[in-house]
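Chemist: Before I ask anything, here is the structure I am working with.
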Amino acid sequence: MNFEEHAAKPLLKKYGIAVPESVLATSAGEATAAAKKIGPCAVKAQVPTGKRGKAGGIKLASTPDEAGSHAANIIGMTIGGWPVEKILVEAQTNIARELYLAIVNDNATKGPMVLFSHMGGMDVEEAAEEDPNAMRKAPVSITTGLTADIARDLIKGLDLEAVEDQLVETMLSLYQAFRGLDAELLEINPLVITGDNKIIALDCKLTVDDSASYRQEEITPQAAPEKLTELEKKAAAEGLKYIELGGSVGVIANGAGLTMTTMDVIAFYGGEPANFLEVGGEAYTKAKTALSILLENPNIKSLLVNFCGAFARTDVMAEGVVNAWQELKPDIPVFFTIHGTGEDEAIALVKERLGIEPFELMDDAVKAAVAAANERVNA
Amino acid sequence: MIPRKHHKILVQGITGKQGTFWSEAMQAYGSTIIGGVNPRKAGQQHLGVPIFATAKDAAKEQPFDISVMFIPPAMAKDAAIDACEAGAKMLVCLTEHIPAHDVMEMHVAAAANNTQIVGPNTAGLVTPGECFVGIMPAFNDRVFKPGRIGVISRSGSLGTLISLMLTQQGLGQSAFYGVGGDPMIGTTSVDALKILNDDPGTDGVVLCGEIGGNAEEDAAEFAKTMKKPVVSFIAGRQSPPDKKMGHAGAIVSGGKGDYPSKRAALEAAGVAVADTPSALPGLLKERLASNAA
């Protein structure tokens, strides 16, 4: 789950990190009113993606009218594929220095990693690539947590003595937030030192672990919506992972690895997969729901069903598909290949109820599905 | 380690529906299950073995080598730490969707107690003809046959298909090592590769990878040092970036962990990479023949 700036900053504040005063607005009128209250402000596009400044999505305004006209320009922009519908009107900050501070889940060390740079701002990634010393990193033990010593060490020798204690405090607070929110990524860029030596978070990027949503119920409603098609939304509501891909060969397979592989093999034999849809794991009894969602995609010209049962029983999945097929009576050809747990029963079922002979080899099933789809696309 | 018939296995969550189904299947295949864990049923018997309140209690009465967890995500961390502290040499963690911070705590406990975690989100391990631990169709002899090929897979379903293709071509397996689809797994592909390289019963290895992370790149570095042939298939060539394709680990972000870089790393290390899984047995046979010559 990604959280936009306007949703993430109040969470930072809760953990004791200072953020500028701000108001969320959805129109030029609201922005003007907010600026009247706040004074000189920044007008910031709210989209769950980076590089907003470079895309022209962040503008400074010294008067309410200026804030209103910036808002009018920014609302309706598209940044990183996201339409801008909301803006944050935020009090301007007196910036002396810009820093970068983040905590991420690090897969290599299998623990949290704190990242700090004294070169915060728009080009921190580029700066870190040119000068690896620009980004300091410290692995943290999840059981002992971030300590003041580690934090102090990260900011040593960077002419930050005047704000050292406050910075260490901010780092420890950020770590509390990272743990408390089950964050995968919690990033402040820039973390600002003001002219009067205060530490303020000027932006915040937060990604919360989807697997932890059951214990983060308080914040999940504020997460940014995922960029999903109508069918993807429908599938998600049914607890199915469905991704639309634009090709013509529909795919139903079990397990993420086998589903990705099926897509790859379709492409290898000259076809284009229409979707990713896996019915393995806990979803293996939902084959019927899965098929009906998939058939709503008008681009599908043939369907490939590839089951290889390990945990999932192919006979249960096949029965779900066959039931749905007989009920929905789709006007496209379907090709089966079935192996593993329950294969004899599954193959017998498909033969008996649909009169279709499953392919012994996956490659043959894929070739047939690709040929059928291409023929119908070209017809 | 590679699970053997003589290894004593504890099943955490043995009394649940899946725990019962797969424990029976493991017993029938030859795995030595010595007990189970369910705090509410301690003192009872299930599938002919005693139930304990915790893995630590079990260790006092019935020492074990391997623990396998049929435990839902919210309870997985405590169960895993219990097994590590009870002295499990290996912990097979089948659970998917364990919060990442919990997984980190599990890895700390594993390191402190010298426990080898397999997973999370693994389908388990099969030693054909001997035993299996997890949720793999070991008992299907069209899929698994005893032999001399090691199979490493992030995915259970794809690993099953590839084992079946090997068996169809007369290549039985010495071990199937499901390493798991999560981003933060205990035993990585390169760890599994080292285990199979040291195994005198293994002549060659199929590495079945996925996009995302750097498991395949690390494995490539080690494969350079191996005399045994390694062939590979990497799933996800057609998967769009920035989308989680079911497995949390299988995501390409900012160009890192993408298909071309993995394939290039493996090929530079002398690993033959197949375009489709069905090409793997043939590639492996060629490599085995030229190794023998």
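Chemist: Restricting attention to the range B:1-52, which residues are open to solvent by 30 Å² or more (accessible area, probe 1.4 Å) and in a loop (DSSP other than H, G, I, E, B)?
Modeler: Within the range B:1-52, B:Met1, B:Arg4, B:Lys5, B:His6, B:Thr15, B:Gly16, B:Ala42, B:Gly43, B:Gln44, B:Leu47, B:Gly48 qualify.
Chemist: Here's another thing I want to ask about it. Which of (1) out of contact with any Cys (no Cβ under 8 Å at 6 or more places or on another chain); (2) in the same structural domain as A:Ala324 (by TED's automatic domain parsing) does A:Gly257 not meet, given it meets every other one?
Modeler: Of the numbered conditions (1) out of contact with any Cys (no Cβ under 8 Å at 6 or more places or on another chain); (2) in the same structural domain as A:Ala324 (by TED's automatic domain parsing), the odd one out for A:Gly257 is (1).
Chemist: Here is a follow-up. A:Ala151 - would you say it is part of a helix (DSSP H, G or I), surrounded by fewer than 18 Cβ atoms within 10 Å (Cβ to Cβ), over 26 Å from the mean Cα position of the chain (by Cα) and without any contact (Cβ under 8 Å) to a residue 60 or more places away in the chain?
Modeler: Spelling it out, it is not the case that A:Ala151 is part of a helix (DSSP H, G or I), surrounded by fewer than 18 Cβ atoms within 10 Å (Cβ to Cβ), over 26 Å from the mean Cα position of the chain (by Cα) and without any contact (Cβ under 8 Å) to a residue 60 or more places away in the chain.
Chemist: Say whether the condition of being β-branched (Val, Ile, Thr), under 26 Å from B:Lys244 (Cα atoms), within 14 Å of chain B (Cβ to nearest Cβ) and surrounded by 14 or more Cβ atoms within 10 Å (Cβ to Cβ) is met by at least one residue in the range A:187-198.
Modeler: Looking through the range A:187-198, none of the residues is β-branched (Val, Ile, Thr), under 26 Å from B:Lys244 (Cα atoms), within 14 Å of chain B (Cβ to nearest Cβ) and surrounded by 14 or more Cβ atoms within 10 Å (Cβ to Cβ).
Chemist: Give just the number: which of (1) more than 25 Å from A:Asp363 (Cα to Cα); (2) of a type in the set (A, V, I, L, M, F, W, C); (3) within 14 Å of chain A (Cβ to nearest Cβ); (4) in contact with a Lys or Arg (Cβ under 7 Å, 6 or more places away or on another chain) does B:Phe132 not satisfy?
Modeler: (4)
Chemist: I've got another one for you. Within the range A:132-146, take every residue that is touching a residue at least 12 places away in the same chain (Cβ under 8 Å) and in a loop (DSSP other than H, G, I, E, B) and give me the one that is nearest to the other protein chains (Cβ to nearest Cβ).
Modeler: Per the stated criteria, the residue is A:Ile142.
Chemist: Quick one: A:Ala224 ticks every box in (1) open to solvent by less than 10 Å² (accessible area, probe 1.4 Å); (2) modelled with pLDDT under 95 bar one, so which box is it?
Modeler: Going through the list (1) open to solvent by less than 10 Å² (accessible area, probe 1.4 Å); (2) modelled with pLDDT under 95, A:Ala224 breaks only (1).
Chemist: Anything in the range A:121-131 that is free of Cβ contacts under 8 Å to residues at least 60 places away in the same chain and either basic (Lys, Arg) or not in a helix (DSSP H, G or I) (or both)? List them, or say none.
Modeler: Passing the criteria: A:Asp123, A:Asp131.
Chemist: Can you find even one residue in the range B:145-152 that is at the interface with chain A (Cβ under 10 Å from one of its Cβ atoms), of a type in the set (Lys, Arg) and not in a helix (DSSP H, G or I)?
Modeler: No, the range B:145-152 has no match at all.
Chemist: Name every residue in the range B:96-127 that is in a loop (DSSP other than H, G, I, E, B) and open to solvent by 10 Å² or more (accessible area, probe 1.4 Å), in order of residue number.
Modeler: Scanning the range B:96-127 gives B:Glu96, B:His97, B:Asn113, B:Asn114, B:Thr115, B:Asn121, B:Ala123.
Chemist: Is it fair to say A:Glu217 is modelled with pLDDT of 95 or more and under 28 Å from A:Leu101 (Cβ atoms)?
Modeler: Yes: the conditions hold for A:Glu217.
Chemist: Output the helices (runs of 4 or more DSSP H) that fall wholly within the range A:248-338 and possess 3 or more residues being more than 14 Å from chain B (Cβ to nearest Cβ) and either open to solvent by less than 10 Å² (accessible area, probe 1.4 Å) or in contact with a helix residue (DSSP H, G or I) (Cβ under 9 Å, 6 or more places away or on another chain) (or both), or say none.
Modeler: A:287-295, A:314-328
Chemist: Residue check: is A:Ser173 within 30 Å of B:Ala109 (Cβ to Cβ), at pLDDT 95 or above and assigned to a loop (DSSP other than H, G, I, E, B)?
Modeler: Criteria not met by A:Ser173.
Chemist: With the requirement that a residue be among the polar types (S, T, N, Q) and open to solvent by 10 Å² or more (accessible area, probe 1.4 Å), what does the range B:62-94 give you?
Modeler: Scanning the range B:62-94 gives a single hit, B:Gln62.
Chemist: Among the numbered conditions (1) in contact with a Ser or Thr (Cβ under 7 Å, 6 or more places away or on another chain); (2) within 14 Å of chain B (Cβ to nearest Cβ); (3) within 16 Å of A:Val279 (Cα to Cα); (4) of a type outside the set (Phe, Trp, Tyr), tell me where A:Asp363 comes up short.
Modeler: Single failed check for A:Asp363: (3).
Chemist: Would you check which residues across the range B:176-206 are assigned to a strand (DSSP E or B) and either farther than 19 Å from B:Phe132 by Cα or open to solvent by 10 Å² or more (accessible area, probe 1.4 Å) (or both) and list them?
Modeler: B:Gly204
Chemist: So, A:Val163, is that one out of contact with any helix residue (DSSP H, G or I) (no Cβ under 8 Å at 6 or more places or on another chain) and more than 14 Å from chain B (Cβ to nearest Cβ) or not?
Modeler: yes
Chemist: Right, something else. Do you know which residues across the range A:339-370 are open to solvent by less than 40 Å² (accessible area, probe 1.4 Å) and not hydrophobic (A, V, I, L, M, F, W, C)?
Modeler: A:His339, A:Gly340, A:Thr341, A:Gly342, A:Glu343, A:Pro358, A:Asp363
Chemist: Exactly one condition in (1) open to solvent by less than 50 Å² (accessible area, probe 1.4 Å); (2) within 14 Å of another protein chain (Cβ to nearest Cβ); (3) not aliphatic (A, V, I, L, M) is false for A:Gly80; which is it?
Modeler: Failed condition: (1).
Chemist: Shifting gears a bit: If I ask for residues that are at pLDDT below 95 and of a type in the set (A, V, I, L, M, F, W, C), which ones from the range A:16-49 would you list?
Modeler: A:Val47
Chemist: Name, by its number, the condition in (1) open to solvent by 10 Å² or more (accessible area, probe 1.4 Å); (2) within 12 Å of chain A (Cβ to nearest Cβ) that does not hold for B:Leu158.
Modeler: The number of the failed condition is (1).
Chemist: Something else: Taking the range A:156-174 as the region of interest, how many residues are of a type outside the set (Lys, Arg) and open to solvent by 10 Å² or more (accessible area, probe 1.4 Å)?
Modeler: Adding up the residues that qualify gives 12.
Chemist: Ok, one more. Before we move on, is A:Glu352 in the same structural domain as A:Thr259 (by TED's automatic domain parsing) and farther than 26 Å from B:Asn140 by Cβ?
Modeler: So A:Glu352 does not fit the description; no.
Chemist: Within the range B:135-144, can you find the residues that are at the interface with chain A (Cβ under 10 Å from one of its Cβ atoms) and open to solvent by 10 Å² or more (accessible area, probe 1.4 Å)?
Modeler: B:Ile135, B:Phe139, B:Asn140, B:Arg142
Chemist: Filter the range B:210-235 down to the residues that are in a strand (DSSP E or B) and not hydroxyl-bearing (Ser, Thr, Tyr), then identify the one that is nearest to the chain's Cα centre (by Cα).
Modeler: So the residue we want is B:Glu210.
Chemist: Looking only at the range A:104-124, which residues are away from chain B (no Cβ under 14 Å) and of a type in the set (S, T, N, Q)?
Modeler: Selection gives A:Ser117 alone.
Chemist: Tally the residues that are closer than 28 Å to B:Asn214 by Cα and more than 9 Å from the chain's Cα centre (by Cα), restricting the search to the range B:138-160.
Modeler: Result for the range B:138-160: 8.
Chemist: Could you say whether any residue in the range A:208-222 is within 30 Å of A:His118 (Cβ to Cβ) and more than 9 Å from chain B (Cβ to nearest Cβ)?
Modeler: yes
Chemist: Could you tell me which residue of the range B:207-234 is surrounded by the fewest Cβ atoms within 10 Å (Cβ to Cβ), considering only residues that are at pLDDT below 95 and at the interface with chain A (Cβ under 10 Å from one of its Cβ atoms)?
Modeler: B:Asp218
The values are calculated or read from the model by the stated rules, or taken from the named source; none is laboratory data. Note that the structure is a prediction, hence the values are computed from the model and not measured. Using ideal geometry, Cβ is built from the backbone for each residue, glycine included, and neighbour counts are taken over all protein chains shown. Please note that ligands, DNA and RNA were not included when accessible areas were found on the heavy atoms of the full protein model with its side chains. Shrake-Rupley method; radii C 1.70, N 1.55, O 1.52, S 1.80 Å.
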